[in-house]
Amino acid sequence: MIDSNFLYFFDQGKSLESYKVFGAHLEKDEEGKCIGVEFCLYAPNAKYVAVVGEWNFFNPGQDKMELIDQCGIWYLHLTGNFEWQRYKYYLETKSGEVKYKADPYAFYSDLRPSTDSKVYDIDGYEWHDSLWMYTHPKTYDQPVLIYELHLGSWRRKGDGENDFYAANEIAPMLIPYLKQFGYTHVEIMPIYEHPLDASWGYQGVSYYSVTARYGVPKDFMWFVDQLHQNGIGVIIDWVPGHICKDAHGLYMFDGIPLYDYGDPSIRENVEWGTANLDLGKGITRSFLFSNALFFMNYFHVDGFRVDAVSNILYHLGNVNRGVNEGACSFLRELSNIIFGKDDRVLFMAEDSSSFPNVTKPTDIGGIGFNYKWDMGWMNDTLKYFKLDPIYRKYHHNQLTFSMMYFYNEQFILPFSHDEVVHMKGSLLNKMPGDYWQQFANYRLLMGYMMTHPGKKLLFMGNELAPYSEWAFNKELDWHLLKYPSHDSAYHYMQDLTNLYKNSKCLYELDYSYDGFRYIDADNADQSLYIYARFARDPNDHYLIVMNCTPNTYDNYKIGVPSDCDYVEVLNSDKDIYGGSNRINPFPLKSSPEAWKNEQNVIFLTIPPLGISILKAQKKPKPKAKKIKTEPLVK
């Protein structure tokens, strides 16, 4: 309903359901048949607006919209069934420009290269995920293992430009696959409409339209519904900071920077070819706040990964340009809104800056995210692993440094799509050495990630250990599983991720000082890293031994936290994973001896370029000796 209250809240950035007013809304009779459609548009700098569509042959002189409020709201009602009809807004601006614009609030869009919006009935889907919606817990002391997914290149029907599976076709293939690895969440790369496949969705146009590449919006609802029914959450990549500059989009919408910045010096990201949304403007806030709640209400999404947060916190991502106070205020208010809706949401910042308190609550001065990607950990780790092992001792602190700052924020450890594109090489391709050593380094890297504090995110296909980079226009290299080394790496990842998911000591105290302790952080000469991970029950802990050189150490003495047996639960050097089988097959019994700040020691085999994960077990009690007695003889 459009009244003075709505207009005030919309202008002030307080409207949380603006999609119920703006856009194209079907009118139905008592039997549910479509009998009309209402169009509503905000365009204050327009002097003439019409709806052009396939029913009027895109004639701008036929279906003129009426200016119903001097604030700039235009309205049109048409009688008839217009569901699935393509349309645009034709605008003549006060300066004399002519623009054909897609509907900013359209619920559906035509498949590219068409740039038209479509009239769509967004209501009526029957959900079956109430168990998930009502019972899934907050994630802070739970395992979080995220599979970053690009829907257009996980599986493809063929090599054609439009050979995509619809979201409802992908779900039955994806769900059992995710369950093999124990993934808890899927993160979908931008799902809303975008004109260019090569942008991967990060240069969007229609924020309320699930892209037509993967079916209709209700196909995506069914996708989410099915994942929820199988205990898997769904996170969407969301880009509130910048938009594409295509003529039909939000950029300079009615001849003036309506949603974007008026100041041309901060309006555009020249390197990306995008424009920045002005997050301090009331109408932009209403547009985006409503969009976040739209995806929560209509698609039951469980979280948002916000892209390019450093570009939001600072003008153009440049610290020297200063903090963008309007954008920071937007993020804080957004946090309050979505956590007010559901306090279990994952609200994640992809932030490469050192801006403080990004994951602190707003009521104590934080920005309000509850997770932040640890880009520093990712960069330091990959720089280290790219080194020939002979030089790693000179860069030993690149791996230990992360724990110096780790407790400042609530971090997620990401190996995302950004690390396997643009000539950076795949994870396997980054690894030094010969063929065997590359796979050993890969297994070691994955083991390090899964045992380091923090929640985890892996880009799709990393589990295949491909040599080639990700390509958005074809499916993953599934054929690699025919080759023993890749198949072994694949099964190693299954065992590793399931171990993570089922081990409280690897996630329960992620953000507590009690959850992690270095046993030996300083052995640079041998490039060894030894640490322990603890659950709330201190008796439930793992000992992790990493060897970042191709040397093998037998009967190696290390200090351990407890007087107990240590049983190896995973060794990346097992022959079934493609390793040399330098393992510890029997329980390692500790003995009392002071060694490097610990009071007990064990002796073990340390494999080359390998990681050993050992579980503490109480020593079995010695069996009581039976006392033999002579029978009484009368």
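The values are calculated or read from the model by the stated rules, or taken from the named source; none is laboratory data. Note that this is a predicted model, so its numbers are computed, not measured. Note that we place each Cβ from the backbone using ideal geometry, even for glycine, and neighbour counts take in every protein chain shown.
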Checklist entry - In segment 186-201, how many are crowded, with 22+ Cβ neighbours inside 10 Å and part of a strand (DSSP E or B)? => result 4
Checklist entry - Are any residues in segment 462-482 outside any helix (DSSP H, G or I) and touching a residue at least 40 places away in the same chain (Cβ under 8 Å), and if so, which ones? => result P466, Y467, S468, E469, W470, A471, F472, N473, K474, E475, L476
Checklist outcome for this item: Across (1) within 29 Å of V560 (Cβ to Cβ); (2) surrounded by fewer than 16 Cβ atoms within 10 Å (Cβ to Cβ); (3) not charged (D, E, K, R), W478 clears everything bar (1)
Checklist entry - Of all residues in segment 83-93, which are of a type outside the set (K, R) and in contact with a helix residue (DSSP H, G or I) (Cβ under 7 Å, 6 or more places away or on another chain)? => result Q85
Item to check | Top-ranked residue of segment 235-280 - restricted to ones that are β-branched (V, I, T) and either in contact with a Gly (Cβ under 7 Å, 6 or more places away or on another chain) or surrounded by 23 or more Cβ atoms within 10 Å (Cβ to Cβ) (or both), ranked as nearest to Y134 (Cα to Cα) | outcome: I235
Item to check | Residue ID - nearest to Q617 (Cα to Cα), chosen from residues in segment 582-595 that are part of a loop (DSSP other than H, G, I, E, B) and in contact (Cβ under 8 Å) with a residue 12 or more places away in the chain | outcome: P587
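Residue-wise test of (1) among the small types (G, A, S); (2) assigned to a loop (DSSP other than H, G, I, E, B); (3) free of Cβ contacts under 8 Å to residues at least 12 places away in the same chain; (4) under 26 Å from L506 (Cα atoms).
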| residue | (1), (2), (3), (4) |
| --- | --- |
| E333 | no, no, no, no |
| I337 | no, no, no, no |
| M348 | no, no, no, yes |
| S353 | yes, yes, no, no |
| V358 | no, yes, no, yes |
| Y394 | no, no, no, no |
| Y407 | no, no, no, yes |
| K424 | no, yes, no, no |
Item to check | Answer from G447, G433 - the residue that is under 29 Å from D522 (Cβ atoms), touching a helix residue (DSSP H, G or I) at 6+ places or on another chain (Cβ under 7 Å), surrounded by fewer than 15 Cβ atoms within 10 Å (Cβ to Cβ) and of a type outside the set (A, V, I, L, M, F, W, C) | outcome: G433
Next on the checklist: Can you pull out every residue in segment 550-574 that is in contact with a helix residue (DSSP H, G or I) (Cβ under 6 Å, 6 or more places away or on another chain), among the hydroxyl-bearing types (S, T, Y) and either surrounded by fewer than 18 Cβ atoms within 10 Å (Cβ to Cβ) or in a strand (DSSP E or B) (or both)?
Outcome noted: none
Item to check | Tally, over segment 125-150, of residues that are over 24 Å from the mean Cα position of the chain (by Cα) and without any contact (Cβ under 8 Å) to a residue 40 or more places away in the chain | outcome: 1
Next on the checklist: On the basis of being surrounded by fewer than 23 Cβ atoms within 10 Å (Cβ to Cβ) and touching a His at 6+ places or on another chain (Cβ under 7 Å), does F459 make the cut?
Outcome noted: no
Item to check | Answer from E593, E630 - the residue that is among the acidic types (D, E), loosely packed, with under 10 Cβ neighbours inside 10 Å and either modelled with pLDDT under 70 or out of contact with any Pro (no Cβ under 6 Å at 6 or more places or on another chain) (or both) | outcome: E630
Checklist outcome for this item: Expected single match for of a type in the set (V, I, T), surrounded by fewer than 18 Cβ atoms within 10 Å (Cβ to Cβ), in contact with an Asp or Glu (Cβ under 9 Å, 6 or more places away or on another chain) and at pLDDT 95 or above among T115, T79, T135 is T79
Item to check | Scan of segment 355-389 for residues that are surrounded by fewer than 16 Cβ atoms within 10 Å (Cβ to Cβ) and in contact with a Ser or Thr (Cβ under 8 Å, 6 or more places away or on another chain), ordered by number | outcome: G376
Checklist outcome for this item: Going through segment 1-16 in order, the residues found to be out of contact with any helix residue (DSSP H, G or I) (no Cβ under 6 Å at 6 or more places or on another chain) and of a type outside the set (K, R) are M1, I2, D3, S4, N5, F6, L7, Y8, F9
Next on the checklist: Residues that are within 22 Å of M348 (Cβ to Cβ), at least 3 per element: which helices (runs of 4 or more DSSP H) completely within segment 223-327 meet that?
Outcome noted: 282-299, 310-313
